[in-house]
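What follows is a single structure, written as structure tokens, with notes after it.
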Amino acid sequence: MVLYFLIPVLFLYSFTFIRQFLSVTIAFYAFSYLLERKYLIYFLLMFVGISIHYSCVFPFIVFLFVFKWGDVIKSHNLYILMALTFLFGQIGVIHWLSLLLKNSHYMYYVSSKLAKTVPLLKLVVMNAMGFLVINYYDKNGFRYPNQKHFMLLYVCSILFLNLFSESTDLTRLYIYFRIFEIILVAEIIFATLENKQFWLLIVMCCFYLFPYFRAISLDYEMPPENLKFIPYKSILLK
């Protein structure tokens, strides 16, 4: 990390991402204290996270809401929210946000001229996986403490993705909540192995592996002057 910060080009180029990812880490860590009802530590950590990156305000509020009222939220409520946010995202919220944030430095994120939309296929696939996860836990129940909170926060990632699908810059908010997907999907994969539901296992593996290799393929197709994720050739992709 010291070497990385000492190289100005690397540090300055990705400073925004570093700040946001650091705030994601702090927010995720703070949530563990909220579950343990150590409210003072939670508020202090979240204050630090918000000081690093203002977008940390969103998980600060959502974490409190889910912790307080998560137990009363039902599966059908999540299905309705996913459907509504998907429709609102397709109708368009960027125009209204641009009016609200006019003459502010946040205008860059909501400018319809600069915004890059999330591919419709990605939205459909992400929502399909969300329905699958909700349906699994609706049928099998929650085996561990706080698991419902994790599922609700994972669904929040899909809601943010749906709602702000007109701008990929705004959808970066969903990374605060998608990290809970790791915990949920890992259990589902183990359950599919125990129950020998190999068709479901194949579907889930394709869901994660296909976008990974597609991103690598798109990275190779970028012109030489662009900054690439993989700056070298490989046997797999030439």
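The values are calculated or read from the model by the stated rules, or taken from the named source; none is laboratory data. Remember, it's a predicted structure, so these values are computed and weren't measured experimentally. Glycine also receives a Cβ, built like all others from the backbone with ideal geometry; neighbour counts cover every protein chain displayed. These area figures cover heavy atoms from the full protein model, side chains too; ligands, DNA and RNA do not enter into them. Shrake-Rupley method; radii C 1.70, N 1.55, O 1.52, S 1.80 Å.
FRET efficiency for the Gln90 to Phe210 pair, using the beta carbon distance and R₀ = 30 Å, is estimated at 0.80.
Leaving ligands and nucleic acids out of the surface, order Glu166, Glu36 by accessible area at 1.4 Å, largest first.
Glu36, Glu166
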